[in-house]
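Structure first, then comments.
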Amino acid sequence: MSSDSTSLQSSAVINEAVQTLRDGGLVAFPTETVYGLGADAKNPEAIKQIFTAKGRPSNHPLIVHLAAPDKFDQTHIDWVALLAPWVRDLSDEAIKLINSFWPGPLTLVFKKDKSVLNELTGGQDTVAIRAPSHPIAQELLRKFKGGVVAPSANRFGKVSPTSAADVRNEFEGMFDLMVLDGGDCEVGIESTIIDLSSGDKAVLLRPGAITPSEIFAKTGVKVYQPGEVKANEAANEVTADLPRVSGSLKAHYAPTTPLRLYAPGRVLDALSEFPDIKSRVAVAVWDSESSLSEDGHPSAHFEEVEVPSDSSAFASLLYRSLRDLDQQGWDLILFPEPPSGEEWDGVRDRLQRACFGSGPSSSSHDSN
Ligand code: TXA
Ligand code: MG
């Protein structure tokens, strides 16, 4: 995020946000991934308000956001001391991941300290923690001097917001929400989540900008896919029936316009699911390819929208594009299938879920 983004929000406004949090209110704030809907992690009533505002089931745990107290000494942060009030065991692997990737878009799941509220963990004995790098998030957390729980600032199952205006639209008319404006989010999709709570194996719970290979290259820590870990080793053995990662529900991040993916060069195939031919179809095409070079369809009007063929640039624009296209009254939105390769896993995951939940009755697809 550009270094001048704090200037979008004065210190006086951030101080007011800190006071709102202390008073048990909610504050939406920017992070480098998506905007969060924040509340004091030590205030059960404030946490309950988050679930109500989002329409989120109360057994979906929240991420605690922390910041180092001194903004000038980010390289020598004593994370062990900072985490002590929240976490039971901090393994050597955990410390390696923290030193390499915090502050940044990486969430780690630990065995929780007994003082951590059940309201935020959904009754589980683990807690998810991350240290966001966005300067406004850091200033807010530093001044608040405590943990702030913050799910993405969207209604449950909907597209996560990547600008202050998106957050306002999401909760418009529902309640008066203070929104800190930090511009557009740079990463654009939610943080990578790694589960370290089972002891010996780090397990990927949600793909994001930070990939298992990058983690291995920087720390030597191997991150396993959930399927690679035997069921009896998984940290969630006791609570296996709980939806530990709400993004893991099939339908999530969904626009109300139907959305589908098309294989390279197969735009017309993607229409076959819609026999009563859709007349206005927005087709996202890679900026590296000149055009669709399709012959078209007798009763469908295609309009091409270029999307970046670089995975980070694509992620950064994904939710923005979905929200904008959703507002434009298309009958159908088509996106190209992301290429294979780990750097595309986060984007592919979000796009597939967005397809599954998309359409006018998208809320009824949500498994809740
Ligand atoms: O980038 C992000 O992580 C954003 C920004 C605002 O920080 N936050 C975010 O929060 O995506 P949310 O609540 O939309 O998604 C957090 C995910 C949830 O799906 C939740 O189930 C999972 O983290 N989670 C939280 N605590 C957990 C735990 N103890 N074990 C496993 N998963 C957990
Ligand atoms: Mg979310």
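The values are calculated or read from the model by the stated rules, or taken from the named source; none is laboratory data. These numbers were taken from a predicted model, which means no experiment stands behind them. With ideal geometry, Cβ positions are generated from the backbone for all residues, glycine too; neighbour counts draw on all protein chains shown. These accessible areas exclude ligands, DNA and RNA; they are computed on the full protein's heavy atoms, side chains included. Shrake-Rupley method; radii C 1.70, N 1.55, O 1.52, S 1.80 Å.
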With a 10 Å cut-off between alpha carbons and a GNM built on the chain, which of Q138, Q328, Q49 moves the most?
Q328
Using unit Cβ charges (K, R positive; D, E negative) and no other charged atoms, how large, in debye to the nearest 20, is the dipole of the chain about its Cα centre?
1160
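Mean residue ellipticity at 222 nm from the helices of the chain, using -39,500 (n - 2.57) per DSSP H segment of n ≥ 4 over the full residue count, to the nearest 500 deg cm²/dmol? Working shown, then result.
On the way: 12 runs with 107 residues, N = 368.
So the helix-based figure for the chain works out to -8000 deg cm²/dmol.
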Normalised by the residues of the stretch 3-235, what does the relative contact order come to in percent, with Cα pairs under 8 Å and at least six apart?
28
Suppose each label sits 7 Å from its Cα in the direction of the beta carbon; what would the T52-E342 distance come out to in nanometres?
4.4
Relative to the longest principal axis of the chain, what angle (0 to 90°, nearest 10) does the C-alpha long axis of helix 311-327 take?
70
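Could you provide, to the nearest whole Å², the per residue accessible area of the chain with probe 1.4 Å?
Details: 15740 Å² over 368 residues.
Roughly 43 Å² per residue, with all protein chains present.
Can you tally the net charge around E214? Count Lys and Arg as +1, Asp and Glu as -1, for every other residue whose Cβ sits under 12 Å from the Cβ of E214. Mind dumping the intermediate values first?
Working: positive: K218; negative: E342, E343, D345.
Every neighbour counted, the sum reads -2.
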Apportionment of accessible area to carbon and sulfur, the stretch 3-235, percent (1.4 Å)
51
Taking the Cβ of R348 as the center, what net charge do the other residues with Cβ under 13 Å away carry, scoring Lys and Arg +1 and Asp and Glu -1?
-2
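Give me the net charge of E306's neighbourhood, meaning all other residues with Cβ under 12 Å from the Cβ of E306; Lys, Arg count +1, Asp, Glu -1.
Working: positive: none; negative: D287, E289, E303, E304.
Summing Lys/Arg as +1 and Asp/Glu as -1 gives -4.
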Taking Cα atoms, how many degrees apart are the long axis of helix 44-54 and the longest axis of the chain, rounded to 10 and kept between 0 and 90?
0
Rounded to the nearest Å, the spacing of the alpha-carbon centers of the stretch 76-108 and the stretch 170-212 is 17
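Please get the size of the charge dipole for the stretch 167-227, origin at its Cα centre, with Cβ charges of +1 on Lys and Arg and -1 on Asp and Glu, quoted in debye to the nearest 20. Provide the component values of the computation, followed by the final result.
Working: 5 positive and 10 negative charges, 103 e Å.
The dipole magnitude comes to about 500 debye.
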Once you place label points 7 Å from the Cα toward the Cβ at I95 and S115, how far apart are they in nm?
2.2
How large is log10 I(q)/I(0) at q = 0.06, 0.10, 0.11 Å⁻¹ when the Debye formula is applied to the Cα atoms of the chain, each weighted equally and without solvent?
-0.22, -0.62, -0.75
Dipole of the chain [Lys/Arg +1, Asp/Glu -1 at C-beta], most positive-end residue of V283, A81, A53
A81
Can you give the angle from 0 to 90° between the axis of helix 135-144 and the longest principal axis of the chain, with both taken from C-alpha atoms, to the nearest 10?
30
